[in-house]
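The values are calculated or read from the model by the stated rules, or taken from the named source; none is laboratory data. Since the structure is predicted, the reported quantities are computational estimates derived from the model, not experimental observations. Neighbour counts run over all protein chains shown; Cβ positions are idealised from the backbone, glycine included.
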Amino acid sequence: MSMLHLSRGELLAVYRLRDWKHKVNMVRALLYVVLAYAMAGALWAWPMGCALVMFLLFLMYGGVWNDYWDWSLEGQRNALGTLVHDGALSRRQSLWLTVLPLPVVIVLSVLTSTMAVEPAVGSIFVVLIVLVTVYASPPVRFKVRVPWGFFAAPTVTTLMFLAAWGVVSPWRRLTVAMALSLFLFHCYAECLHVLDDAAIPGETRKLPVAAARRWAEWLPVLSVAYTGVLAWTWPMFTAGVLGGLIRWRTVRSTGADQVQLHRHRTRLWSPLLCLPEFCVYGVAGLLKLAR
């Protein structure tokens, strides 16, 4: 079968634009970009459209590139590997689909960096592309190097936030403070990822399960302490204190229940994630209350 005859649902799954079995879609990471625009108070600045498309294609590339190597090296039955195994795609076609977004990502990243307010945005784009490439592919394949592979996704999303902010507005103290808060949050989310994958045979272990469980309980506490300090300068971070407490209570009550964990992790408005905290930051930025 030609890859041109793949259904829309199959293509969306291949590029991680929708959930597939236990795999969570990559589109969720665009929320970091939208949050940066909102907090910078420039949600309608004209360069943001080009950057948003670039980030979407970047996430598509990162998702399918990761799945290609997981299937090729470890035999994981992800969306791409399943299509090849079932004969819907040849190995050559799967590789073509994998690299297809990359040239467009490179062109759009160059174009976006020329419009960015912060000159360093172009360098961040280079780091992002290199990082997601070596994260999954040999000989580096960062994701299997414990614990460094664990920190790859939090680093990528934090850099996305910084780059998105720098496209539309100069960085300031709040930018750095928020970036560190997001890094702590995504480390927590990555712990949930490790715990969710623990029951799935063949999944790469980026962190021992026992360590992931301990970190999942302690990272919200660290976030509470950090946002509590920030709240003295920016009162909106009081939402971070509340959000951290809710995440801490929810992850402790969920315990080792895999069904509950997966259901909470895949729902954006779950108390396990407590994303309304970040809505507070975005609204504060749009109302020019975050300076």
key: Tally, over the range 185-222, of residues that are under 18 Å from the mean Cα position of the chain (by Cα), of a type in the set (A, V, I, L, M, F, W, C) and within 20 Å of Arg263 (Cα to Cα)   = 9
ask   = Which residues, counting only those in the range 126-138, are under 16 Å from the mean Cα position of the chain (by Cα), within 19 Å of Pro103 (Cβ to Cβ) and touching a residue at least 40 places away in the same chain (Cβ under 8 Å)?
value = Leu128, Ile129, Val132, Thr133, Ala136
inquiry  = So in the range 77-101, with the set limited to residues that are surrounded by fewer than 20 Cβ atoms within 10 Å (Cβ to Cβ) and not in a helix (DSSP H, G or I), which one is modelled with the highest pLDDT?
reply    = Leu100
ask   = Given the conditions (1) loosely packed, with under 14 Cβ neighbours inside 10 Å; (2) touching a Leu at 6+ places or on another chain (Cβ under 7 Å), which single one is not true for Phe278?
value = (1)
inquiry  = Considering only the range 96-116, I want to know if a residue exists there that is within 17 Å of Tyr37 (Cα to Cα) and of a type in the set (A, V, I, L, M, F, W, C).
reply    = yes
query = What do you reckon, is Ala38 surrounded by 16 or more Cβ atoms within 10 Å (Cβ to Cβ), at pLDDT below 90, over 21 Å from Tyr135 (Cβ atoms) and small (Gly, Ala, Ser)?
reply = no
inquiry  = Tell me yes or no: at least one residue of the range 102-123 is within 18 Å of Val14 (Cβ to Cβ), in contact (Cβ under 8 Å) with a residue 40 or more places away in the chain and surrounded by fewer than 21 Cβ atoms within 10 Å (Cβ to Cβ).
reply    = yes
ask   = Within the group Val34, Val53, which residue is β-branched (Val, Ile, Thr) and under 29 Å from Asp196 (Cα atoms)?
value = Val34
remark   = Condition set among the hydrophobic types (A, V, I, L, M, F, W, C) and crowded, with 17+ Cβ neighbours inside 10 Å, scope the range 247-274, selection modelled with the highest pLDDT: answer is Trp248
